[in-house]
Structures are given as C-alpha cells and as structure tokens.
Amino acid sequence: MIAQLSAALLAALQVAPAPQMDTTLAVAVDGRLQIQNVLSGTVRIRTWDQAKARIAVRAEAKDAVEIRYAEPVLSVRVRPEHLESDVPTDFEITIPRRMSIEASGVEMELDIEGAGGTVAASTVDGTVRVSGGRGTVALNAVEGGVTLTDTEGNIALNSVDGDVSVRRARGVISIQAVDGGISLEEIDSGNVEVNTVDGDIVYRGTLRDDGRYFLSTHDGDISLAVPEGTNARVTVSTFSGELDAAFPISVEGDVDGRRLSFTLGSGKAIVEVSTFDGLIRLVRP
Amino acid sequence: MRDEWTEALSAWLDGELAQADAAELERRLTVDPELAALRDDLQRLRADAAALPDRRPRSDLWPGIEARIRTGGTARQGPDVVRRSKGRTLRFTVPQLAAAAILLLATGGGAVWLAARAGTDARTSGSETALVARGSGPGEAGDLRFASADGTSRTVKASDEAIRQLEQRLADGRGRLDSSTVRVIEESLATIDRAIRRAEAAVEKDPGNAWLNRHLADTKARKVRLLEKANVLATPAT
Amino acid sequence: MAESRDGGTAGPPTEHEDVRRAATGDVEAFERLYRAHVARVHSLVRRMLGDDLADEVTQDVFVRAWEKLGTFRGDAALGTWLHRVAVNLVLARRKTLGRRRARFAVDGTTALAGLASPAAQPTTRMELETALGELPPGAREVFVLHDVEGYKHREVARMLGVTTGTTKAQLHRARLLLRERVSP
C-alpha cells in the first residue's frame, strides 16, 4: 500500500498542471513552518540552505491558500471558504534546512526530505514519510503508516492502522501502533520503547550498556538482533509463543511460568521482550 | 507439455486469450493428449468450484451477534452521509481538520513525556494541552499520564469503567466521523478487543501471574488511548 | 402473524419488510435475515480466510451489516449487498494477516505435500473444499473470488491491490495445485 501510494504521489506531482500559486519569500532560517487545514491533498517539503521559503500550490483556485509570515512562523493554510472544495490541495514547499515543521491534515499525504529541525505531523488518512528531523520528531497517522529515516532526537511515532518503519535513527524512541508492524533498523539508542497490538517487531540496533529496551506485541513475532559483546539482562515474556535464540543462553529462572530471563556479559542493559502469542527470535546482526 | 501453453489454457478457459493464441492453443489441444487432459480437468474444476454449495457454520453464531448488536451502543442512525468528490469516494469533514490539529498537539505532547523520560525539557510547540503516553513505573501499568505545558499533570486509570465511558462518547459522536475513519477505528478496536479477550482468558486460568495481569492492563490502556484519539476526532471543535 | 388491511392474516414478512424493520432496530427481523444468508456469508469467509477465523469474521460481517443497514438502498439484492460487506471485511482482515504471511510462508508444492495421494473415488465437493483450504493464501483468495464467487480478473485485482497479471498467474497456480489433489 505504501508503495502504491508513493507511486500515486509521484504521478500526481509529475503530471499535474502548473501550480496556481508559486511564491518565494525571505524567512528566518531557524523559524517554524505551520501547514494547516489540509483536508485533502499532498504536502511535499524539501529543504535548502537559503534564508527563503518557496511555496508552490495546486488548488482549486489561485487564492485557495493563505500564506502569512510573522517571524519566526510561516503559516500556510487552506482558506476556510475553500475547504469544501472537491479538488485536493497539493503543496510543494522548500524551506531552510533548520526550519521546524508542523503539519496537520485529514486526508493528507506527507513527504518530507532533508528536515533539519523538529517535525510534528498528524494525518488521519495518509502516509507520513519523513527523512531527517532533529530535536523532536513526533508523527501521528491514523491510517496509512509512518516511515522515518536519518533522524536524530526524541522520536515519538503513533500509528493506528499502518506499519511503522524507522531507519538510521539516533535518540530516544517511542513507537505505538495498533494494527501494524514496527521495524527499526540501524538504530543508535539507549532508550527504546516499542509497542503494537497486532504486528511484528524487528529491532536492529545498539543495545548499549546503559540502555533500556522494551519491545512488546500482543499478536506478532519479535526479531531482536543482539550484537556480540552485548551486556544485558534479557527478560522474555510470552503466553503461548516460542523463543528461538541463535546463540547459547543460560536461562536463570522461569518466573510465573511465562517469563524467563538470562544475562549476557555484565548484564548492564535492560531488555524486555514480550509477545502474547508469537515467535521471539534472538539473532546476531 | 510446455508451461506457456498450460498457463495459456487457464486464460483460454476464462475467455481471456487473444484470438491468435486461442487458435494456436486449440490446434495444440487436438494433438497433445496431456494438454487435452489438463483442459478437461480444469474445466471440471471450474464447474465444481462454481457449484460449491454454501454451508452453514457448525455452531449457531446468532447469540454472539445478537449480544454484540444489543450491547454495542450503536443506536440506529440514519444512513451515513457520503459526499462524493471528484476522484475520491469519500470526503472528510471540516471539523475533522480541527481534530487532526488536536491530534497534532497530542503528538507533540507525546514528545513532551518522552523528553521528560529522557530527562530533558521540551516544549509543546505552543500548544496549551498535551496528551501523553502511558506510565511505566511500578503500579502504573496501564495508567495514562497527561501533561500540560504549565507543568501540571494528571493520571487516568485504564479501568473498565473508563473504557465504557469512552466507548459511549464515541458511539454518541461517531456520526461526525467519516465512514472510512469509522472503519479504521472499529477494526483497530476489534484488534485490541481480541487481544483483551485472549489476555483475560489467560488471566482467568492463571490469575496470580503478574506478567499476564500487567499484559492485560497494558492492552486495556491501549484501548483507552485509541478511544481517546477517536473521541478527539469525533468531537466537534469549539 | 401480521394482519392485512382487509382483516385476513398475512404470511411471514418478506425479506424487504425484514430489511425495513431491521433498519429501524428490529433485532428479530435481523435474525431472520441472518438465518437466510449466513450459509453464503460463512462459506465465503471460510474459503477466503480458513476455518479458524470463519466464525469470528462471519459475526463481524453481520454486526457490520446491522450497523450499515440504513445505507442499503434496495437497488441490489440484500444477498449481493451482504456479500460485498463480507468481501470488504475479509480483505481488511487479510491485510493484517498478510503482515504475518512470511511466518506461515509455504509455497504451493509444500503446502499440499502432506496430503494423501489423490483419492480413488470420483471428485467430491468436500475434497475440493478441503484442498481449497490448503492453498497458499494468495492463490486461494484469487481462486475463491474468481472461480467460486465469479468476479472478473479486473475486479479481483482491484480488490486485492495487485495487477491482473498477478491474479491470472495466481489463478492458474491454484488450479494446477487443486487439480493434483482433486482429480480422480
């Protein structure tokens, strides 16, 4: 579904007619972009190293979108009188790399690349794809899924119906999903909490000595890569699942009949892996 | 027998083979007994498939259905109003824009709690209120902690009563939701409900199991969070 | 029994009347509709998703139908409308199952490898039903939607979010696999 939507997004942007509005204005490089009232449409944001913002809009009418700049906030929103339009409003925006981004919409596809500031986004029906983000990255999608790459900071992702994928991320990570798998690859973090109800979890990243890692799913499998030399106290909990370890472990106790623990190295990190009914795989990277 | 002709056979049976290829295939059927036997088998299979009788379930499903529709709180409503737009079969409502913005605040608020866990200060991007993820300390499993920008916080218990109230509020407000959103939320609630039922069944068999009890509490907390989110979407902005 | 206007007794309510009553909250009327259509719905669900989920998803279908009955315009037969509700729910459910498809990944040959050799008896429908349940999910979905339910490839492709090339290949695969199992 994500591939199909991305293709649709690309197609829409490539074959769409010329924008009704295309404006460039000077902005503070560390300001904030606020995009609001996207009832239906795609929002594509790119960055550059200039103290300017360029906003191109395809909409029902030339004046459908209001752009206001009161330093440091650049506000881009669909005017209320145009909200009832049947025509989606599509944005192509280029902003200074360090600018923060806030975007909210309903049937909104969001595609951000090269973000160098904080990113907060919320969509009800649409995928959220962000590359970049520094400081705080908070993404929320009800239906559509979330993809995040090359980011650093405090990361909070929420998805109701859709997969969550994070790649090359550094920082504190919290991910909640209901109906979707969660995949984390090339992660550098000492604080990871990942939870889904129905979906698999994959974690490939650091297990730092001072770290805490919680991976939990109700109905799904968990695959955790454990690098050689890891120092961690690992607790595995499952009601009717299985554990499959690619390396020798010495189980230290069967607490409550549903949990078992073992220690790797000095046991400094805390790793808790839990699935109600699924396979827990401990693998080497 | 060449694979390309066996594959063409399926298309030919469905009337989807181009004329020239069909003619060639029909010629081959007259000289290739294996291919002809396959044709006969596939024709019989298609006929049998189309004639498969319908079978009732082994047990009567009605009691379960009746229980759900009587207690589901789904007051009989008028037909869903679906406005058709060009190129889209559904439209969302303007109040949902405000809801999406509130969800944005909630998203930002999640970062507040996250940052608090990480021991750093964080701002809520100018928002006035912020929903926060669940607590995780001892005795807090399943609790929801809400933080405000003014530094105050409150805790909500993920109790069955809390769930019931949220479900009722959502039932009252669901008419304001687009049917696509309703579908997603219902399916996700159904996912969580299934997880809760399984966890409850496990706890019933092993009531003293601390992990199972915590897992059940955590799963109920997930339901509370989802209901909170759904209620945000369903509540008109003031 | 309802009385007709001329004072005589009328027969049991028609399906149209039951739909109207159920749409206003008459649970007994809805039960009659359930009993009339459950075999068809359950069979579709069972064939698409397997025995384990059939009862649960069939219940979901009827609960959804109860909630949506107000939108039923009567321009198609109720059975057709119910069928669409069922297909939509099955496809939505399929999405979550698909995420764990890798866990149960079997290719067509191994899926049926454990079955006994083809029966010496003439083909029975029960054998076809059983073998259908052993098909890999993708092939089974296409076979059920196309050969059992009668949808065209374009419709099946749209429902499943794939190309018609894929549906044709999957259908052919399903037929060959089933042929090995059910031919006399």
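The values are calculated or read from the model by the stated rules, or taken from the named source; none is laboratory data. Bear in mind the structure is a predicted one, so any value in this text is a computation, not a measurement. Because the Cβ atoms are built from the backbone with ideal geometry, glycine has one as well, and the counts that use them run over all protein chains shown.
Checked against (1) assigned to a helix (DSSP H, G or I); (2) at the interface with another protein chain (Cβ under 9 Å from one of its Cβ atoms), B:L216 passes all but condition (2). Which residues, counting only those in the range A:202-235, are among the β-branched types (V, I, T) and without any contact (Cβ under 8 Å) to a residue 24 or more places away in the chain? Of everything in the range A:202-235, those that are among the β-branched types (V, I, T) and without any contact (Cβ under 8 Å) to a residue 24 or more places away in the chain turn out to be A:V202, A:T206. Do we have any residue at all in the range B:86-93 that's within 14 Å of chain A (Cβ to nearest Cβ), at pLDDT 50 or above and out of contact with any Ser or Thr (no Cβ under 8 Å at 6 or more places or on another chain)? Within the range B:86-93, one or more residues are within 14 Å of chain A (Cβ to nearest Cβ), at pLDDT 50 or above and out of contact with any Ser or Thr (no Cβ under 8 Å at 6 or more places or on another chain).
Step by step: first the residues of the range A:193-231, then only those that are of a type in the set (G, A, S) and farther than 19 Å from B:I192 by Cβ, then the one that is surrounded by the fewest Cβ atoms within 10 Å (Cβ to Cβ). Which residue is that? Show your work before the answer.
As a first pass, look at the range A:193-231 and keep what is of a type in the set (G, A, S): A:199, A:205, A:211, A:216, A:220, A:223, A:225, A:229.
Imposing the further condition that a residue be farther than 19 Å from B:I192 by Cβ reduces the set to A:205, A:211, A:223, A:225, A:229.
Details: A:G205: 24, A:G211: 19, A:S223: 18, A:A225: 20, A:G229: 8.
Restricting to residues being of a type in the set (G, A, S) and farther than 19 Å from B:I192 by Cβ, the top hit is A:G229.
Could you grab me the full set of residues in the range C:33-57 that are in contact with a Phe, Trp or Tyr (Cβ under 7 Å, 6 or more places away or on another chain) and over 16 Å from C:L82 (Cβ atoms)? Residues satisfying the conditions do not exist here.
Test C:A116 against the criterion of being outside any helix (DSSP H, G or I), modelled with pLDDT under 85 and over 10 Å from the mean Cα position of the chain (by Cα), and give yes or no. Full working, then the answer.
Values: outside any helix (DSSP H, G or I): yes; modelled with pLDDT under 85: yes; over 10 Å from the mean Cα position of the chain (by Cα): yes.
Spelling it out, C:A116 is indeed outside any helix (DSSP H, G or I), modelled with pLDDT under 85 and over 10 Å from the mean Cα position of the chain (by Cα).
Within the range C:19-48, the residues that satisfy the criterion of being surrounded by fewer than 23 Cβ atoms within 10 Å (Cβ to Cβ), more than 8 Å from every other protein chain (Cβ to nearest Cβ) and within 16 Å of the chain's Cα centre (by Cα) are C:A36, C:H37.
Pairs are defined by a Cβ separation below 8 Å, a sequence spacing of at least 6 or placement on different chains, a first member in the range B:20-40 that is closer than 28 Å to C:R181 by Cβ, and a second member that is polar (S, T, N, Q); the pairs so defined are B:L35/B:T6; B:A36/B:T30; B:L38/B:T6.
Within the range B:180-199, the set of residues being touching a Ser or Thr at 6+ places or on another chain (Cβ under 9 Å) and either surrounded by fewer than 16 Cβ atoms within 10 Å (Cβ to Cβ) or more than 8 Å from chain A (Cβ to nearest Cβ) (or both) comprises B:I196 only. Just the residues that are under 17 Å from A:A225 (Cα atoms) and either among the aliphatic types (A, V, I, L, M) or at the interface with another protein chain (Cβ under 7 Å from one of its Cβ atoms) (or both), please, taken from the range A:174-210. Across the range A:174-210, the qualifying residues are A:G181, A:I182, A:L184, A:I187, A:N191, A:V192, A:V194, A:D200, A:I201, A:V202, A:L207.
Which residues, counting only those in the range C:156-168, are away from chain B (no Cβ under 12 Å) and either buried (at least 20 other Cβ atoms within 10 Å of the Cβ) or free of Cβ contacts under 8 Å to residues at least 40 places away in the same chain (or both)? Correct list: C:A157, C:R158, C:G161, C:V162, C:T163, C:T166. Taking the range A:150-185 as the range and being in contact with a Gly (Cβ under 9 Å, 6 or more places away or on another chain), of a type in the set (S, T, Y) and within 27 Å of B:I185 (Cα to Cα) as the test, the residues that pass are A:S159, A:S165, A:S174. Against the test of being within 23 Å of C:D51 (Cα to Cα), more than 9 Å from chain B (Cβ to nearest Cβ) and at pLDDT 85 or above, the options C:L171, C:L145 yield a single qualifying residue, C:L145. Could you go through the range A:124-144 and let me know if any residue there is within 13 Å of the chain's Cα centre (by Cα), more than 26 Å from A:G31 (Cβ to Cβ), crowded, with 24+ Cβ neighbours inside 10 Å and small (G, A, S). Yes, the conditions are met somewhere in the range A:124-144. Only one entry in A:D209, A:D277 is touching a helix residue (DSSP H, G or I) at 6+ places or on another chain (Cβ under 9 Å) and assigned to a loop (DSSP other than H, G, I, E, B), namely A:D277.
Listed here are the strands (runs of 3 or more DSSP E) enclosed by the range A:71-126 that have at least 1 residues being touching a helix residue (DSSP H, G or I) at 6+ places or on another chain (Cβ under 6 Å) and either at the interface with chain B (Cβ under 8 Å from one of its Cβ atoms) or over 20 Å from A:L139 (Cβ atoms) (or both): A:100-115, A:119-125.
Out of B:D21, B:D40, I need the residue that is within 24 Å of C:K152 (Cα to Cα) and either modelled with pLDDT of 90 or more or part of a loop (DSSP other than H, G, I, E, B) (or both). Which one? Before the answer, list the steps.
On the way: B:D21 fails: either modelled with pLDDT of 90 or more or part of a loop (DSSP other than H, G, I, E, B) (or both).
Criteria check complete, one pass: B:D40.
Please count how many residues of the range A:76-116 are of a type in the set (G, A, S) and modelled with pLDDT of 95 or more.
Filtering the range A:76-116 down to residues of a type in the set (G, A, S) leaves A:85, A:100, A:103-105, A:114-116.
Pick out the ones that are also modelled with pLDDT of 95 or more and you get A:100, A:114-116.
Residues flagged as of a type in the set (G, A, S) and modelled with pLDDT of 95 or more within the range A:76-116 amount to 4.
For beta carbons closer than 7 Å, sequence separation of 6+ or different chains, a first residue in the range A:236-252 that is away from chain B (no Cβ under 12 Å) and more than 21 Å from B:T219 (Cβ to Cβ) and a second that is among the aromatic types (F, W, Y) and assigned to a strand (DSSP E or B), the qualifying pairs are A:I249/A:F262; A:S250/A:F262; A:V251/A:F262; A:E252/A:F262. Return the pair list, or none, for Cβ contacts closer than 7 Å from residues in the range A:183-201 that are closer than 11 Å to A:L157 by Cβ to residues that are of a type in the set (D, E, K, R), at least 6 apart or on different chains. From the range A:183-201, the pairs are A:L184/A:R204.
Quick one: is A:V197 in contact with a helix residue (DSSP H, G or I) (Cβ under 6 Å, 6 or more places away or on another chain) and farther than 17 Å from A:R168 by Cα? Yes; evaluated as a whole, the condition is true for this residue.
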